[in-house]
Amino acid sequence: NESKCLKKRRRDKVALGVVAIVVILLGVAAALAAIYVPSSSSQSSSSPQEEPSPANAASDRFKALRALFLPFSGPAKLEDISSPQYQALKWLADTDGYNVSVQDEMAATQRYALATFYFATGGIHWFDNC
């Protein structure tokens, strides 16, 4: 039983290393995208816009963040409510107290990658497996 636990821990460390590399690559990709892809927020609108209602604000924020993360995760993962990607998106849109700006694409993407990692490793129960 102890040998099985040691093997699991070793496998978990390897998986953690792989996930860390993926997170770093996502950060580099987000940085390069921020540098080389013009942001849609740079286009200004001359017409006044209504403030979203509080009930609609989370929905609008969810949609904006989903559009931002779609190239990284794909539609299937962002529509599956049991996936870590969806859980991270939902948390960022509705719960996260930091409330990262959707216009700050690099910060939002980095926060999404870390939240996805958190949910992929079991969230608050990540250490209960062994």
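Name the lysines eligible as straight-distance cross-link partners of Lys77: C-alpha to C-alpha under 27 Å, and not fewer than 8 places from it in the same chain.
Output for Lys77: Lys8, Lys13, Lys63, Lys90.
Cut-off is 10 Å between beta-carbons; in what order do Leu68, Leu25 appear when sorted fewest neighbours first?
Arranged by neighbour count, lowest to highest, Leu68, Leu25 become Leu25, Leu68.
Quick one: grab the alpha carbon gyration tensor of the stretch 60-101, order the square roots of its eigenvalues as a ≥ b ≥ c, and give me rounded if a/c is under 1.5, else prolate or oblate depending on whether a/b is larger than b/c.
Cα axes put the stretch 60-101 in the oblate bin.
Under the 0.36 nm per residue contour assumption, what length would be gained going from the current alpha-carbon distance of Leu70 and Gln103 to full extension?
10.4 nm
If you rank Phe69, Phe117, Phe62, Phe127 by fewest surrounding Cβ atoms within 10 Å, what's the result?
Listing Phe69, Phe117, Phe62, Phe127 from fewest to most nearby Cβ atoms yields Phe127, Phe62, Phe117, Phe69.
Calculate, for Asp60 and Ile81, the FRET efficiency according to 1/(1 + (r/R0)^6) with r their C-beta to C-beta distance and R0 22 Å; round to the nearest 0.05.
E(calc), rounded to 0.05, equals 0.70.
Quick one: order Leu16, Leu92 by neighbouring beta-carbon count within 10 Å, fewest to most. Don't skip to the end; give the middle numbers.
Values: Leu16 12, Leu92 24.
Placing the least packed residue first, the sequence is Leu16, Leu92.
With a sphere of radius 13 Å drawn around the Cβ of Lys4, what net charge do the other residues whose Cβ falls strictly inside it have (Lys, Arg +1; Asp, Glu -1)?
+3
Would you kindly state how much longer the chain becomes between Lys8 and Thr95 on full extension, computed as 0.36 nm times their sequence separation minus their alpha carbon distance, in nm to one decimal?
That works out to 28.1 nm of additional length.
Every number in this text was worked out from the coordinates using simple rules, so none of it is lab data. From a predicted model like this one, the values you see are computed outputs, not experimental measurements. Cβ atoms come from the backbone with ideal geometry, glycine included; neighbour counts cover every protein chain shown.
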